[in-house]
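Trainee: Before I ask anything, here is the structure I am working with.
Values in this text are rule-based calculations from the coordinates and carry no lab data. Keep in mind that what you see is a predicted model, and the values were worked out from it rather than measured. Here Cβ is always computed from backbone atoms with ideal geometry, including for glycine, and neighbour counts include all displayed protein chains.
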Amino acid sequence: MEDAVKKDFFPSVVETRIVDEKIYGVPFEVIPLAMYYSLKAFEEAGLSESDIPQTWDQFLEIAHKLTKGDRFGCLFETAPGYYQTFTWYPFMWQGGGEIATPDGKHSAFASPATVQALKFWQDAIQQNVAPRNVLGTGGWDVIANLVSDFCAMQNLSITGVSAMRNNAKDFQYGVFPYPLPPNGQQRNIFGGWAFVANARAQNPEEATKFCVWAVGSMQDDCIQRVVGWCKTYRTVSPRKSALEKGTTEGAYSSAPMKLFKDVIFPTARCEPRVPPEVYKAVSDTIQACQLSGADPKQAAEEGSQRIESFLSDTREHHCCDHPDAAAAAPDRQPIANSRGSARENQRLQSAKATERTCSKTTILSS
């Protein structure tokens, strides 16, 4: 891939697909998250755009006002899986929390930021303003939940824009960035599809060339393919040239798309690249607090112990099997924590492998 193309990708999008300075996946879209809300529900509750919550406390207060009859004020994913952790991470990051230390070798999960994020989701359930079970296919199903008036606010990705355009074009809605915890900073997350070539295929070099031709060159037709995909599916372009061209062509002219592009995307990072054992510790912790009423501080500490135990075993295994491994590869990390990653292999093991909102990969075997 040309240096010009590498520079054309936003660093936050491509850096987690790089290992030893080699690019292993070529992304062609970015899928960040936001809060969607029903204008009708707001109006019925006597609320307007000026009442959009800026803080977590305000969010819960507004959710109470929106909760009426069979309608919940808000909705977060409640089913365990990669999608749930994907949509929860930004709330931890808003307070400065991380799964692991910067070198990826020790757990950092039992932080105040983790605890308050766990409690925020727990409070929504315990205060009866969010459902314990979502409708339709899952927490990403905007038609079955927000459009049906099952909830008034929904934690959802940018794909909700195209879903409503295709299936509920008359539904009136708004989008706003995540509210913040005390002293928090705006943080978001993104997934999205990427092309990779199967190294074990019959012609991996040809497959690689196709990936570059399709979405990884500076040719006009390549850039236009990225623009066309993002315009069609209402996602953000991972490349500067395609984003600029898409903007010129009106792909981000609507209020929701403009918000995603100008306000939300700049605050986003890829989902963390973690082994299944670490993901499971995070997922179990979320579930214990959200649905089982566990104490967030204690649950975070127990989850952190599980993560630390796994990382300790990993370090010991590497040292025993490869005495000079640390000297040979000092920068290798059990967890890549700086920005997150595609999580392609983990997602193949997940029951929600077909969800588009988390990072995905199109594997080409030429």
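Trainee: P(r) for the range 64-215, please, calculated from all Cα pair distances in 10 Å bins and given in %.
Mentor: Values per bin, smallest distances first: 10, 30, 29, 19, 10, 2.
Trainee: Right, here's the next one. Highest first, please rank the peptides 230-240, 123-133 by the mean number of other Cβ atoms sitting within 10 Å of their residues.
Mentor: 230-240, 123-133
Trainee: Moving on to the next point. Given the pairs K22/K231; K40/K258; K6/K209; K169/K240; K209/K258, which span a C-alpha to C-alpha distance of over 25 angstrom in this model?
Mentor: Checking Cα-Cα distances, K22/K231; K169/K240; K209/K258 exceed 25 Å.
Trainee: Please identify the trypsin sites (Lys or Arg not before Pro) of the range 143-211 that satisfy two criteria: DSSP loop assignment and at most 12 other Cβ atoms within 10 Å. Which are they?
Mentor: For trypsin sites (Lys or Arg not before Pro) across the range 143-211 that sit outside H, G, I, E and B with at most 12 neighbouring Cβ atoms in 10 Å, the list reads K169, R200.
Trainee: If you count the DSSP beta bridges with both ends in the chain, what percent of them are antiparallel, to the nearest 5?
Mentor: Around 70 percent of the beta bridges assigned by DSSP in the chain are antiparallel ones.
Trainee: Then there is this: Using a Cα-Cα cut-off of under 19 Å, which lysines could be cross-linked to K105, ignoring same-chain neighbours fewer than 8 residues away?
Mentor: Filter leaves K280.
Trainee: Under 18 Å from a label point 7 Å along Cα→Cβ of L291: give me every residue in the range 116-130 with its amide N that close.
Mentor: What the label zone holds, given the 18 Å backbone N cut-off, is 118-130.
Trainee: Can you compute the charge dipole magnitude of the range 180-285 about its Cα centre, using +1 on each Lys and Arg Cβ and -1 on each Asp and Glu Cβ, nothing else charged? Give it in debye, rounded to the nearest 20.
Mentor: The calculation lands at about 200 debye.
Trainee: Let me ask something additional. If the only charges are +1 at each Lys and Arg Cβ and -1 at each Asp and Glu Cβ, what is the size of the charge dipole of the chain around the Cα centre, to the nearest 20 debye?
Mentor: Rounded to the nearest 20 debye, it is 640 debye.
Trainee: Report Rg(Cα)/(2.2 N^0.38 Å) for the chain, keeping two decimals.
Mentor: That ratio works out to 1.00.
Trainee: Quick one: what are the phi-derived ³J(HN,Hα) couplings along the range 191-197, Karplus 6.51/-1.76/1.60 with θ = phi - 60°, whole Hz, x for glycine and proline?
Mentor: In residue order, the calculated couplings are x, x, 7, 8, 8, 9, 9 Hz.
Trainee: Dipole of the range 51-197, Cα-centred, from +1 at each Lys and Arg C-beta and -1 at each Asp and Glu C-beta, to the nearest 20 debye?
Mentor: Dipole about the Cα centre, nearest 20: 100 debye.
Trainee: What residue among Y82, V19, V30 has its Cα farthest toward the positive end of the dipole of the range 1-139, where the charges are +1 on Lys, Arg and -1 on Asp, Glu, each on the Cβ?
Mentor: Y82
Trainee: For the chain, which longest stretch is free of loop sites, where a loop site is one of the GluC sites (Glu not before Pro) that DSSP puts outside H, G, I, E and B and that has at most 16 other Cβ atoms within 10 Å?
Mentor: Formally, the longest exposed-site-free interval is 22-248.
Trainee: Could you give me the ³J(HN,Hα) list for the range 238-251, computed from phi with Karplus coefficients 6.51, -1.76, 1.60 and θ = phi - 60°, whole Hz, x at Gly and Pro?
Mentor: Per residue, the Karplus-derived 3J(HN,Hα) values read x, 10, 4, 5, 5, 5, 5, 5, x, 5, 4, 7, x, 5 Hz.
Trainee: Long-range amide H contacts for F190: which residues qualify at under 5 Å (H placed 1.01 Å from N, peptide plane, sequence gap of 5 or more or a different chain)?
Mentor: So F190 has HN proximity to R269, C270, E271.
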